[in-house]
Structures are given as C-alpha cells and as structure tokens.
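Right, one structure below, let's go through it.
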Amino acid sequence: MPQIIMPLALSFLSALALWLGLSFLMKDSLKAGLITSTLATVFYSYGYIFDGLTALNLFSVKNRHLIPIILYIAGYVCYFIILSKKKSTILNISKIFTFAITVLIILNIATIIPNEITKYDMTKKNTEAVRMSGETTVKGVTPDIYYIILDEYASLSTIKDIWNYDNSEFANYMKSQGFFIAEKSKAKYISTQISLPSYLNMEYVSENLGATQCYQLINNNKVMSYLKNKGYKTIAFDTWYSWIPAKGAMNADLNFNYDQDSNSYLSSYGFISLLKSTTMIKPIKYLEDNSIDKIIANANRYTLNKLKEIPSVSGPKFVYAHVLCPHTPFSFGRNGQEVSYLAAHNWKDKRYYLDQYIFISNQIKELVENIIKKSKQPPIIIIQSDHGPRPQFDNVATKNEIFNIPEDEMFKIFNAYFLPYGGERLLTTDTSPINTFRIIFNYYFKDNFELLEE
Ligand SMILES: [Zn+2]
C-alpha cells in the first residue's frame, strides 16, 4: 500500500498545481482541466508509446524524433481546446477523457485483483499441504537452519577454468569448519526467478512461469510453511529489490529489509525508476545515476552484518538470505573497497567479477564461523548459488562488456552444507538444490520425501 500512496499523491498534486495555474491564466477551469489531462496523459504514457513503437520493429525509434512529434500532437490538441468556442464541443471532449480514464482505472484494478486472489490461494494451499506431515525430529533436536543463497556464485571448477582462480583455500576452510561441498552440483535453471521458487518448494517448476507467479511461489513457499508448522520462527533477508512490491517480500515472521531499516529512498526509488522508464523524462540520460548500485551494495553489507546477530534470536529458526553477490553490480573490491560504478557490469575485464567473488567468499568465511560459534546447538547451514555466472545474459551490460561463457558453466553451482548430527552422510558430490530440503526434512524430521531425479 505505501508504494501506491506516494506516487498517487505526487501525481495528484502536480496535476492539481498545473490545473490551478492554467485556470488562473485562462479564466476557464473546464478548459484548464482538459489541457491538464492531455498533458498528463502524454507525459505518463510516453515510455509505453516509445517501447511499443520499438517493439514493433518497423523503424528505428529515436527519442529526439518521437518527443517533438508527440509534443506537437499534444500542443495541437491543447490549441484546439483553447480555441474552441462551443461549450458542447468542450463537454464532449471532457466526456471522452473521463471515459478513457475510467477504462484505465478499471484495467488497473482488473490486474490487481486476480493477483491478490492467487497470492491468498497459494498461502492457503501451502499451509494445508504442510499440516498433513508428522512432528517428531530425528534426535529430538530442532537445529536452526540457515539457507544462504549467493546469487551467481561460480562453482569451484568454473572459477578455476574460466577465471583462472584457485579457490581451494576457501573450500578447505569450509571443509575444516565441517562443511561438505557437493562439487559436481548443478542447477536445473539459470534464472534466479525460476531457481528460487523451485528450491524453496522442493519441486521442479515450469520455466514459463510468469514473474508474479514466481514471486508468489517464493514468498509463500513450502519450506517455510513446513518449518513454521514444526514450531520454527521464519526469518527472511532479501537484497532483491525492484518496484514490483512482491519481489523480495517474503511471507516470514521477521523480514529484514535494508530499505525499511535504513529509510533509504529505495521505496521511492521504485517510483522514480518507473517515472524514468515510462514518462517523458525517459530520454534524460543524466538522471541515470548509480544510486541503485549503491543501494544494492549497502543492502548486501546490511544482510551480511545482520546475519551475524541472528544466532541470538531465541527458539528454533529458519533463516533465508538471498544475497545479491557476486551478482552485478560489481561494487566491491576483493577487500571490500568501493569500485567505480563504470565497472558495475564489466564482465570482460574478468577482475571485477573475481574481486567481488573473493570479497563475498571472505565474508562467508567470517559469517559461518560466527554463526557456528554463537549458536547454542549446532545449526544447519547451506551456502548455495542459484546458478553460475552468466555474463552473456547481463541485460544492463553493453556489448563490449560481456563475453560468452560455455553454457554448461552457467549451470554449475557452489553447494555447501553444514549438517550436524551426522546429516552429511546423506549428501553426494552431485546433490542438487532440488533435493536440499527433501534430504534435510527426511533426516532431521523423519519425513518421507521422495528424492527427485537430479
Ligand atoms: Zn540469480
């Protein structure tokens, strides 16, 4: 809801100011209203018109051509409104506008309602499915479970073969702490949006799922409902933001959100970036600053720091943390120093991904040591990438910033487990994330989930 109020208030106030100004100048509030509507329609729909024309692919669309044409048409409409003497013409035009605006509002409501209904349905379905299952734990223990996703973290072999970097120091450190690394583990998908719903619901999902369905499957997932039903507190961290409210909004008992905690302007960022992409300010390039990159970097730091405090939260807990690192933007040097935003998507110079990779590896070392030390009883810790590096699919990078990685490398992932009380003997070097929670629930909660083909 708050995401709706601010944009509405701003749009309403600016339209009101324009209308009052024009009414004063023209001494005709009806005409002023019509001109305000014309200009607002043109301003807010510009990006859609531009994208629509680009998508048609009939001719190349340039902002510098399209803006004058659209302004000319809008100017002509305003000119016509100003000159028209007949009251009935003006009334008819205003009827057309009212009709158009009503249609737009109905269209918007029509897309919001079905979304809300599916959201509600999914929560109900998952809660019911989970209520059916048993209660006893294998050794009468309910270990805390940390599920940490490192977005786009390369497997040990990919970082060696493609980046020429030997990460065995990190691997050996993890092993010395008690981790098992499934070194041949592979993801089924190379899209975050498809991987996360699949792993969190312990099931393969269709690769054709729409974004909204994906977020709903993430936000109301089976793993969390299952554990909630076992008396676990669910805690979620997500650094995955956008103006789509469902993205990064887990349905958990505690939701750590950098944006809300820091009062960063990200909540308004959604609105600002929407303004930048859909309205007439679209072509103004200098508005494209690197603030979103900074927010993502800060959100990652925030998550890594906050995670260290979680062991002191009382009772059994499931902690989900989606860390958008070493995923772009490349903003960390290997020691955490700031990187120029010009390099944020530079894959071709391989040191940027590698530096961020080394940075996050060191952070993880520190984090797991901290969690293990502070936990009252040995916890379960999973450090997993959703997919490998995918330079050629970075849609923000320019052509000369990317290189083509062999397709197979994009599916190889890092997949490490700290499973106390003998749990690691259930793992193999190819254990896939699809079975992560099936294995864990079978062992620690005496459940009978069938293992899926990997
Ligand atoms: Zn990802």
Exercise for review: Hey, can you tell me all the residues within the stretch 6-37 that are among the small types (Gly, Ala, Ser), crowded, with 17+ Cβ neighbours inside 10 Å and without any contact (Cβ under 8 Å) to a residue 24 or more places away in the chain?
Suggested key: 23, 32
**Study point:** Meets criteria (at pLDDT below 95, more than 23 Å from residue 191 (Cβ to Cβ) and either under 22 Å from the mean Cα position of the chain (by Cα) or surrounded by fewer than 20 Cβ atoms within 10 Å (Cβ to Cβ) (or both)) for residue 343
**Key:** yes
Check your understanding: Does residue 363 meet the test of being within 16 Å of the ligand (Cβ to nearest atom), under 16 Å from residue 303 (Cβ atoms) and assigned to a helix (DSSP H, G or I)?
Key -> no
Exercise for review: Mind counting the residues in the stretch 410-429 that are farther than 13 Å from residue 347 by Cβ and not in a loop (DSSP other than H, G, I, E, B)?
Suggested key: 10
**Study point:** Hits in the stretch 38-63 - residues which are surrounded by 13 or more Cβ atoms within 10 Å (Cβ to Cβ) and more than 15 Å from residue 279 (Cβ to Cβ)
**Key:** 53, 54, 61
Exercise for review: Would you check if residue 405 is outside any helix (DSSP H, G or I), surrounded by 15 or more Cβ atoms within 10 Å (Cβ to Cβ) and within 15 Å of the ligand (Cβ to nearest atom)?
Suggested key: yes
Exercise for review: Sort through 418, 411 and tell me the only one that's within 16 Å of the ligand (Cβ to nearest atom), among the aromatic types (Phe, Trp, Tyr) and in contact (Cβ under 8 Å) with a residue 60 or more places away in the chain.
Suggested key: 411
Check your understanding: Among the residues of the stretch 175-214 satisfying the criterion of being touching a strand residue (DSSP E or B) at 6+ places or on another chain (Cβ under 9 Å) and in a loop (DSSP other than H, G, I, E, B), which is nearest to the ligand (Cβ to nearest atom)?
Key -> 187
Review point. Can you tell me which residues in the stretch 290-343 are of a type in the set (A, V, I, L, M) and away from the ligand (no atom under 16 Å from the Cβ)?
Key: 292, 295, 297, 304, 307, 310, 313, 319, 339, 342, 343
Review point. How many residues does the stretch 139-158 hold that are away from the ligand (no atom under 16 Å from the Cβ), under 22 Å from residue 411 (Cα atoms) and not hydroxyl-bearing (Ser, Thr, Tyr)?
Key: 1
Exercise for review: Show the residue pairs that are 6+ apart or on different chains and have beta-carbon atoms under 8 Å apart, the first residue being within the stretch 297-322 and on the phi > 0 side of the Ramachandran plot, the second being surrounded by fewer than 22 Cβ atoms within 10 Å (Cβ to Cβ) and of a type outside the set (Lys, Arg).
Suggested key: 315/231; 315/232
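The values are calculated or read from the model by the stated rules, or taken from the named source; none is laboratory data. All of these numbers come straight from a predicted model, not from anything done at the bench. A quick note on method: Cβ atoms are made from the backbone with ideal geometry, for glycine too, and the neighbour counts reach across all protein chains shown.
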